[in-house]
Amino acid sequence: MDSHSSRTVARAAVVPKSLSIVKITFGFGVTSTLGSPFSFASRRPLLFLLHNPRPPISMDLTSSATLGLAINPGLKKTSLGVIGKNDLLIVGPGVLGRIVAEKWRQEHPDCQIWGQTMTTDHHDELIKSGIIPSLRGSEPYCKFPYVIFCAPPYPTTDYPGDVRLALSNWSGEGSFLFTSSTAVYDCSDNGFCNEDSPLVPVGKSPRTDVLLRAEKETLDAGGCVVRLAGLYISFLQFSMDAASLSVAIMKKKLRSQVFLGCDNHPLSRQEIMDYVNQSGRFSNKFQGFTASDGPLGKRMNNSKTRAALGWEPKFTSFSEFLGLIE
């Protein structure tokens with residue numbers, strides 16, 4: 001998620017309740033604080049109007065805002081009175097989340113995509129990507145049919161609570177997907193690991209405890225979990241495969257299932273860096289690791305996930321991703 005910065009805020013006039021249209025224009029050079037969201041005479045946040053039984057609100061937006069709402073400048077008019085059947089909320093719209101948004105829009109061109117952040121640092125970037133920025137906690141009355149949680153377990157102090165909050169924004173239709181990590185599998189001796197392999201016991205590691213508690217919140221509520229291998233998190237092109245896998249899961253509208261994201265071609269850290277050197281894509285050459293201690297890792301295989309979803313990665317291996325011939 002993002003850190004705090006200033007942005008412009010909305011200016012609007014209070015109108016009689018008999019009027020169904022409220023025109024809101026964003027001005028420049030006026031800042032707001034997170035503790036003072038823009039509100040109407042009722043003193044309720046703007047997003048209260050999303051599920052208000054009155055007719056939809058028409059908004060004319062030209063800039064981002066700290067109040068939790070902003071619209072793609074290319075879509076000057078948008079209806080916020082109804083959440084569409086294919087609308088998507090992305091919690092933590094970083095690299096992976098933005099690629100998910102791009103692929104989701106390809107599947108559903110008329111949908112609205114929202115990006116929930118902790119602050120407003122990257123709201124302008126989201127708007128340019130066609131994502132509607134929203135501050136966490138600013139949309140308590142919104143229920144989205146599709147929600148994907150991509151935020152990392154830092155810097156928050158209550159990661160499972162953050163997932164619980166995101167679940168409160170899910171309508172129970174469509175799909176809720178939590179992106180987790182293969183770190184939760186109890187294997188560190190270079191052994192083989194798949195979707196059904198044993199998990200790290202709760203209490204053994206604070207890092208995996210946080211992930212496992214977040215996963216439990218998701219699965220208990222009917223959401224799904226996808227555990228991504230390290231390369232699917234670390235490299236942009238592999239993030240495209242992670243995004244396509246995430247979209248494939250959400251399209252299935254499944255409940256309380258766990259999936260695994262990997263390329264089925266496990267490599268050691270040394271092999272990864274050897275391929276990087278061979279690729280010639282980087283001016284500097286990797287010279288070697290400074291230490292050789294620590295766990296060996298795990299060899300992941302997600303054949304079960306592929307069979308269940310009919311999904312295959314674009315890049316079958318890391319060497320293919322780098323353009324090397326095996």
> At a 1.4 Å probe, what is the % contribution of carbon and sulfur to the accessible area of segment 154-215?
Replying inline: 53
> Given a Förster radius of 22 Å and the C-beta distance between Arg269 and Ala308 as r, what FRET efficiency does 1/(1 + (r/R0)^6) yield to the nearest 0.05?
Replying inline: 0.15
>> So if I place +1 on the C-beta of Lys and Arg and -1 on the C-beta of Asp and Glu, and nothing else carries charge, what would the dipole magnitude of segment 168-265 be about its Cα centre? I want it in debye, nearest 20.
In response: 240
> Toward the positive end of the charge dipole of segment 152-204, about the Cα centre and with charges on Cβ (Lys, Arg +1; Asp, Glu -1), which of Leu177, Gly203, Pro155 goes farthest?
Replying inline: Pro155
>> Run through segment 164-268 and list the trypsin sites (Lys or Arg not before Pro) located in a DSSP loop whose Cβ has at most 15 other Cβ atoms within 10 Å.
In response: Lys204, Lys253, Arg255
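What accessible area per residue, rounded to a whole number of Å², is obtained for segment 106-247 using a probe radius of 1.4 Å?
Here the residues of segment 106-247 average 40 Å² of exposed surface.
The values are calculated or read from the model by the stated rules, or taken from the named source; none is laboratory data. Since we're looking at a predicted model, the values are computed, not measured. All Cβ positions, even for glycine, are placed from backbone atoms using ideal geometry, and neighbour counts span all protein chains on display. Side chains are part of the model used for accessible areas, which takes the heavy atoms of the whole protein and leaves out ligands, DNA and RNA. Shrake-Rupley method; radii C 1.70, N 1.55, O 1.52, S 1.80 Å.
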